[in-house]
Amino acid sequence: MIANTPKPPYYAVIFTNTLSDDTTGYEEVANRMVELAEQQPGYLGMESVRDGLGITVSYWQSLDAIKAWKQNVEHLNAQQLGRDKWYSAFTTRIAKVERDYSL
């Protein structure tokens, strides 16, 4: 589903990853992170797809909102599990959205 974002500017966190062979518990924690992100101040929406390569784009009102999400204790635990167990590679990018348009 395409996120319904407000008029720019806002920020996008682009998380690209490949999974390791051990994904035990991954789906449950990933679903919980979506639920938790939706409760965070400044959260605007999310789009995610996995077809071998996983790409999740979350949208935020500000860099401070992104920083607060990154420092959320439950999210920190999930990040550590990702580094230690679930991801063979990942990259996180943060971008300012200055213009958008849609059909």
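The values are calculated or read from the model by the stated rules, or taken from the named source; none is laboratory data. These numbers were taken from a predicted model, which means no experiment stands behind them. Backbone-built Cβ (ideal geometry, glycine too); neighbour counts: all protein chains shown. Heads up: the accessible areas ignore ligands, DNA and RNA and are worked out on the full protein's heavy atoms, side chains in. Shrake-Rupley method; radii C 1.70, N 1.55, O 1.52, S 1.80 Å.
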Legend entry - Summed side-chain charge close to Met33 - residues other than Met33 whose Cβ falls under 13 Å, Lys, Arg +1, Asp, Glu -1: -3
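Local charge sum around Gly45 (other residues, Cβ-Cβ under 15 Å, Lys/Arg +1, Asp/Glu -1)? Numbers along the way, then the final one.
Numbers: positive: Lys7; negative: Glu35, Glu38, Glu47, Asp100.
Once positives and negatives cancel, what remains is -3.
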Legend entry - log₁₀ of I(q)/I(0) at q = 0.11, 0.14, 0.21 Å⁻¹ - the chain, Debye sum with one point per alpha carbon: -0.33, -0.54, -1.18
Legend entry - Within the chain, helix-based [θ] at 222 nm, where runs of 4 or more DSSP H residues each add -39,500 (n - 2.57), nearest 500: -8500 deg cm²/dmol
Legend entry - the chain, accessible area per residue, ligands and nucleic acids excluded (1.4 Å, Å²): 69 Å²
Legend entry - Under 23 Å, Cα to Cα: Lys pairs in the chain, sequence gap 8 or more or different chains: 5
Inset, instruction - Could you please report the charge total around Leu63, scoring K, R as +1 and D, E as -1 over all other residues with beta-carbon less than 12 angstrom from its beta-carbon? - result: +2
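Rank these by accessible area, largest first, 1.4 Å probe: Met33, Met1, Met46.
Largest accessible area first, the residues go Met1, Met46, Met33.
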